[in-house]
Structures are given as C-alpha cells and as structure tokens.
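What follows draws every value from the coordinates through simple rules; no lab data is involved. Bear in mind that the values here come from a model prediction, so they are computed numbers and not experimental data. Quick reminder, even Gly has a Cβ in these numbers, built from the backbone with ideal geometry, and neighbours come from all protein chains shown.
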Ligand SMILES: [Cu+2]
C-alpha cells in the first residue's frame, strides 16, 4: 500500500512546520469583507510520544511533506468568503466540514481534491474536522480550530462581548494508541477506549530535566501557541476546544477566567471561574484571562509564571503514569 510510506516525524519536526505559520493569533480588523483561500493536505504518519512510542496520526497539514496535528489555526472575519481546499494524499476517501456553522460536508476521494466555499457566519470558535467514520477520523488527528471575528472588530468575541487585546487557541486531545493502530489498518477499534497521551495544541508538557524540556517545538509548557504571555492588563481570549473523548476541567492559576461561552452558546452571565468544565467529544468554551495582579499574592506581584493544567489526574501523565508529560502549559506575567 502506498500509504505505508509513512512520514516519520519527531514531534520536533512536526511542530516546527506548524510554528512557521502559527503562534499567537494576530488579527487586524478590516472594513470590508475579504476572500480567504486555504489549502490543507490530508497526510498521515507516526508521531513519537513522550515515552518513545510511535503513534499513528492523520492530519490536515500545510503541505504534503508534513503532518500537522492539530491542523493550522484559522481565523477569518464575519462576511468573508472562505474557500478551503482539501487535497487528500491518502489511499481512501475522507471528508471535511466546520462544525456548528450549518455547512455541507465535502467528501474527497483518494488522491483527489475538493473545495468547500462559504460566507463566514456567526462569530465564534469552531472545529474543522473530518466527520466521516465518526469519531475515528477526528480522534486520529483530522481536526483543527477555526475562528470567526465579528465584522470590523479586533477585540470582541461577539457583538458587545467583554473585550480582549490578544487571543489564543487551546485545543486539547487525548489519544489511545491502540485505537489509532486499528484506524490505521482500516478497521474499527474494538477495545475499550484507554487514553495514554494528553496533548495541548498537539504537544505534551515536558517537566524540567526531561528531554525536550524548554524546547518550544516539543514542550507544551513553552509552545508559543499555548503558553500565555502578557503584561498586567493584557486581557487574553482563549478559545478552548476538546478534540478528544475525555471530559476535562481546565484550571488556571493566578487569575480567574471570565467565562463567556459554553459549547457555542453565549452565557447569560459572565462568571469568574478558575476551573471550567470542558465536555468530551468536541466540547468547547471561550474565556478571557484578564492578566490582573494575582489577588491573593502577598506582597502584591505583577510578574511571575503560573500553570494551567487539567484537574483530572490521568491528563497530567503519559504512557499510563509518566508525570507531568500531559496537558499543561504556563502563563507568563511579564
Ligand atoms: Cu490547579
């Protein structure tokens, strides 16, 4: 099978490709709608996990020679014409849509390409994904984050929302390598789901002293797509998405978050929460991290580094126990 020509990428090689075009999401509002053209290549390959195990993934990648899991973050403006072309380099049919926008699903035959065209609708945070053979193509890596900004706005999530000055995606995932192997063989997993790896924007944390610790291409603690950086007052929107199956509790230290949306619905009140539930199977929320002086610190501080982690112990591990190689990052008050 042609498909056995696996891309074999270390997480370093994978993330370097991703970082070339992502990072903190920059956004400049436009007075007029624009046309956004984007191409994703469906590729597959092996990604080495923190315990050295190679796990099979598929991704919406930026070229046919890389494997991006998740796919590159996209951000457009309400009213834009969006043309997303999918080139399927694999030997079997795949599909593509964006969840929650009422769009059609396109199917892309082996070796073929197809374009999904639409006008960007309701502002918010969305998944793009392969919804076919659900949930398996999503779980094996065919997913990414998509955002629509309100027309002409640089600092709101929806019309009249609290404002922010910068924005990030936190896309969580959990991975059962036995399921990925079954999917790679074209079969349906028959074993009980047993997640062994937990990632944030595709990377696991590396504790101090571990190989790759401090490397922004490997370590989720310092990945510029994930770690929050701000000065006091740099109110930061976080678009939180969960591609995995596990329900999570997202906990930030130093500040509480302003909880704006839950699974695509604007909340009637903005609650201040340090811990917010994140449903499994494409749960999502939006929240603002205010970058205020930590209220309980004495003496009062304006700089420092604080963690974000999930309050579900297995998510802080890899390979069934290795602590803390899971879904964590850091928040830098600069
Ligand atoms: Cu905590």
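Only residues of the stretch 312-334 count here: report those whose backbone N is under 12 Å from the spot 7 Å along Cα→Cβ of residue 302, or say none.
Within reach of a label on residue 302, which here means backbone N under 12 Å from a point 7 Å along Cα→Cβ, the stretch 312-334 contributes 334.
Name the shape class, rounded, prolate or oblate, that the alpha-carbon gyration tensor gives for the chain, where a ≥ b ≥ c are the square roots of its eigenvalues, rounded holds for a/c under 1.5, and otherwise prolate holds if a/b is larger than b/c and oblate otherwise. Before the final figure, lay out each step's value.
Values: a/c = 1.78, a/b = 1.18, b/c = 1.51.
Here the chain falls in the oblate category.
Add -39500 (n - 2.57) for each DSSP H run of 4 or more in the chain, then divide by its residues: what number comes out at 222 nm, to the nearest 500 deg cm²/dmol? Present the calculation step by step, with values, prior to reporting the outcome.
On the way: 3 runs with 21 residues, N = 334.
Calculated at 222 nm, the ellipticity per residue is -1500 deg cm²/dmol.
What ranking, highest mean first, results for peptides 126-138, 295-307 when packing means the other Cβ atoms within 10 Å averaged over each residue? If you can, show how the numbers build up before the last one.
Details: 126-138: 20.9, 295-307: 10.7.
Order by mean packing, descending: 126-138, 295-307.
Hey, can you rank 57-70, 75-88, 149-162, 262-275 by average C-beta count inside 10 Å, highest first? Numbers along the way, then the final one.
Working: 57-70: 23.3, 75-88: 19.6, 149-162: 17.3, 262-275: 12.4.
Output ranking for 57-70, 75-88, 149-162, 262-275: 57-70, 75-88, 149-162, 262-275.
Within the chain, what percent of beta bridges assigned by DSSP are antiparallel, to the nearest 5? Could the numbers behind the result be given before it?
On the way: 63 of 89 bridges.
Just about 70 percent of them are antiparallel.
Starting from the 7 Å offset along Cα-to-Cβ, what nm value, one decimal, do you get for the label separation of residue 332 and residue 107?
Those two pseudo-labels are separated by 4.7 nm.
Taking a ≥ b ≥ c as the square roots of the Cα gyration tensor eigenvalues, with a/c under 1.5 meaning rounded and otherwise prolate when a/b beats b/c, else oblate, which class fits the stretch 167-333? Present the calculation step by step, with values, prior to reporting the outcome.
On the way: a/c = 2.37, a/b = 1.47, b/c = 1.61.
Verdict is oblate for the stretch 167-333.
Rounded to whole Å, give me the distance from the Cα center of the stretch 176-246 to that of the stretch 262-334.
Centre-to-centre distance over Cα atoms comes out at 14 Å.
With the cut-off at 1.5 for a/c, could you classify the stretch 252-319 from its C-alpha gyration tensor as rounded, prolate or oblate? Working shown, then result.
Working: a/c = 3.08, a/b = 1.24, b/c = 2.48.
Note, shape of the stretch 252-319 comes out oblate.
Please compute the length gained on full extension between residue 53 and residue 65, using 0.36 nm multiplied by the number of residues separating them and subtracting their Cα-Cα distance.
Values: separation 12, 0.36 × 12 = 4.32 nm, distance 2.14 nm.
Between residue 53 and residue 65, full extension yields an extra 2.2 nm.
Of 46, 237, 139, which has the largest mean-square fluctuation in a 10 Å C-alpha GNM of the chain?
Its mean-square fluctuation being the largest, the pick is 46.
Which whole-number percent gives the relative contact order of the stretch 139-206, counting Cα pairs below 8 Å spaced six or more residues apart? Intermediate values should be presented prior to the final figure.
Values: 69 pairs, mean separation 19.1, N = 68.
The value is 28 percent.
So, in nm, how far is label residue 232 from label residue 30 when the simple model puts each one 7 Å beyond its Cα toward the Cβ?
3.8
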